[in-house]
Amino acid sequence: MPTGPIDTVKLPLRVLLIEDYEEDAALLQRHLARAGYAVDARRVETADELRDALVDPKPWDLVIADYTLPSFGARDALKIIQDSGIDLPFIIVSGTIDEVSAVNAMRAGAHDYVLKGHLERLLPAIERELADARKRNERLGTEAALRLAQQRFSATFNQAAVGMAHTSTDGHFLLLNQRLAEMLGAQVEKLLSLRLQDFSLPSELESDASLYAELLAERRTGYRAERTLLRHDGSTFPAQVTASLLKPDGDPLPTVLWVVEDISARKAAERETTDLMTRLINSERLAAAGRMANTLAHEINNPLEALTNIFYLLQTHDDLPAQSRELVEVAAREIERVGHITRSTLSFYRKLPGRTIDLRTMLEEVVQLFQSRATQHRVEIKTRYAENISAIRYDPALRQVFANLVGNALEAMERGGGCLTVRARRVDGFASVTVSDSGHGIEREHLQSIFEPFFTTKGERGTGLGLWVTRGIVEEQGGTLRLRSCTTGKKHGTTICVRLPALMADPSTTAEAAITQAAEAPVRVN
Ligand code: ADP
Ligand code: MG
């Protein structure tokens, strides 16, 4: 606000002067400059000049108009400005205006009028009108910001990928978005007459009652639960429901914000992982049973061979009484039968040549299988695969080996989380796969026993067969296992390294052929 000549900083003022007398315009400008304004004025005399001035990109602050000009008057000017939609304070300064015309001009939208003989009234009028215009602009700005915030809110609310609703505290829908309406299988308008409880199972409503009561009593700010929700057609779907109490300042009635996520896909994936885990455990058991049968068969086979030889020698004795010979022949046939059983058991355990899978894919599959369990137990899985491992192919049975090692590593970190690293590289015709964890490690006195069948420190949860089977499969493929473990200090954890001959998909020795060789090699029993 100008405060007179002492004020060194002049207030800029862009004025549109609708005036046909140049001297009068100059007089007005001087008057304004004396009052402390840095005036930037343009004088217009015709409608066209006014229209041209209004499209000036620099905005005007004020219009001062003479009441009657030869070609057009203040009323015409007012109409042009109003039509342009620009909000400008409009003050009539005239030597001639009579009271009736002044009142009519004010009715038409002029903000004030001042007689040329009373210019002392002009400054307060300008100050007042500029202040009013500022307030009008501020209000418009606030309204525009509010409109924008509302538009953003409704866009977020309506386009959200999750279901959202506001309800009264007794559960009536006040607002709900399109996604929730789709989930519940009805139109938004139809749902607005219903309550959230109408879509919940009665048994689950009961279990939510105390959480909801705590929420309303403000003993908690929100809660999250997995629930089964009912669709409008009576079918159900699993959902994650989050409730939060909304109590904006000044609003006496609290409302509840609900966020609903359809977790059917996640549940299906979890089921699939559980199924896979069960299958994996079953195949661990199966492989163990196979190995056990193989051990027995092999152990029996050696004395059996000796017995077969003895009976053969007995049968060739000429002086054997006829009755005894008959008994020896029966015994020899039975021994032959036992031999057949053990031989077929041994061949059963040998891997049949068939499909192979590249090492990188195999490791990625195993890691993928354990990913959700790792996340659940705050275990980070890192993988470091060298480029050259993709060309190495193995029997899919090796998946069991890596699954056992990764499974054990995760189980060692279940309590406190940690980091699991799977590394694979190729060195001198061997593939080397290392599984390291930052788990509790293996006690020194257990190191001798962990590869024995049925040794477990996991009680009911363990089978004690994982490492035994693992070693069996690795050695059967001509590989070796190395283990390092530490139970104390910062570097606690276990690292197991599997070294396997790198079977390449080479045309001369195809992986299939190499696998066949490995499978047909004599089974080593430890
Ligand atoms: P299970 O896992 O069913 O107990 P395993 O043969 O896979 O049977 O493992 C035998 C035992 O070896 C486990 O019970 C555990 O004590 C120990 N063990 C194996 N791997 C780890 C590891 N990564 N960290 C700590 N202990 C391990
Ligand atoms: Mg195990």
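The values are calculated or read from the model by the stated rules, or taken from the named source; none is laboratory data. Everything numeric here is computed off the predicted structure, so don't read it as measured data. Don't worry about glycine lacking a Cβ; one is built from the backbone with ideal geometry, like all the others, and counts go over all protein chains shown. Calculation scope for accessible area: heavy atoms of the full protein, side chains included, ligands and nucleic acids excluded. Shrake-Rupley method; radii C 1.70, N 1.55, O 1.52, S 1.80 Å.
So, with +1 on the Cβ of K and R and -1 on the Cβ of D and E, and no other charges, what is the size of the charge dipole of the chain about its Cα centre, to the nearest 20 debye? Walk me through the numbers on the way to the answer.
Numbers: 63 positive and 72 negative charges, 397 e Å.
Dipole size: approximately 1900 debye.
Please list 293-299, 232-238 highest first by mean number of surrounding beta-carbon atoms within 10 Å per residue. Let's see the in-between values first.
Numbers: 293-299: 16.6, 232-238: 12.3.
The peptides rank, most packed first, as 293-299, 232-238.
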Subject >> Residue among T96, L115, L130 farthest towards the positive dipole end of the range 75-133, charges placed on Cβ >> reply: T96
Original post:
Taking the Cα centre of the range 283-326 as the origin and placing charges on Cβ (Lys, Arg +1; Asp, Glu -1), which of A293, Q315, S283 is farthest toward the positive end of the dipole?
Top reply: S283
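I need the peptides 311-320, 199-208 ranked by packing, meaning the mean over residues of other C-beta atoms within 10 angstrom, with the highest value on top. If you can, show how the numbers build up before the last one.
Values: 311-320: 11.0, 199-208: 13.6.
Highest-to-lowest ranking by the protection proxy: 199-208, 311-320.
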Original post:
How far apart, in nm, are the 7 Å Cα→Cβ label points at A322 and T96?
Top reply: 16.3
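Expected output is a single nm value to one decimal: the length gained when fully extending between D233 and R34, i.e. 0.36 nm times separation in residues minus the C-alpha distance. What is it? Before the final figure, lay out the partial values.
On the way: separation 199, 0.36 × 199 = 71.64 nm, distance 7.94 nm.
Length difference between fully extended and current span is 63.7 nm.
Given a 1.4 Å probe and every protein chain left where it sits, what share in percent of the accessible area of the chain is carbon and sulfur? List each step's numbers first, then the result.
Values: 16230 of 30040 Å².
After summing per-atom areas, the C and S share lands at 54 percent.
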**OP:** Using the Karplus curve 6.51 cos²θ - 1.76 cosθ + 1.60 with θ = phi - 60°, work out ³J(HN,Hα) for each residue of the range 321-326 in order, rounded to whole Hz, and write x for Gly and Pro.
**Re:** x, 4, 5, 5, 4, 4
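Seen from all sides and averaged, what is the projected area of the convex hull of the Cα atoms in the chain, in nm²? Please list the in-between numbers first.
Numbers: hull surface 205.4 nm².
If you wrap the Cα atoms of the chain in a convex hull and average its projections, you get 51.3 nm².
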**OP:** For each pair in K190/K267; K247/K267; K382/K490; K10/K79, compute the distance between the two Cα atoms and list the pairs where it is over 22 Å.
**Re:** K190/K267; K247/K267; K10/K79
Original post:
Order of 303-309, 143-149, 468-474 by packing, highest average Cβ count within 10 Å first?
Top reply: 468-474, 303-309, 143-149
Subject >> Antiparallel DSSP beta bridges within the chain, percent to nearest 5 >> reply: 70
**OP:** May I ask you to list the residues of the range 251-267 whose amide nitrogen lies under 11 Å from a point 7 Å from Cα along the Cα→beta-carbon direction of A160?
**Re:** 257-261
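Which whole-number percentage describes the relative contact order of the range 160-262, with Cα contacts under 8 Å and a sequence gap of 6 or more?
Values: 187 pairs, mean separation 30.2, N = 103.
Relative CO of the range 160-262 lands at 29 percent.
Given a 1.4 Å probe, how much area per residue of the range 354-526 is accessible, in Å²?
Values: 8920 Å² over 173 residues.
Here the residues of the range 354-526 average 52 Å² of exposed surface.
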**OP:** Could you work out the relative contact order of the range 11-141, using alpha carbon pairs under 8 angstrom and six or more residues apart, expressed as a whole percent?
**Re:** 22
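What number, in percent, do you get for the relative contact order of the chain if the mean sequence gap of Cα pairs under 8 Å and at least 6 apart is divided by its residue count?
Details: 777 pairs, mean separation 38.7, N = 526.
The value is 7 percent.
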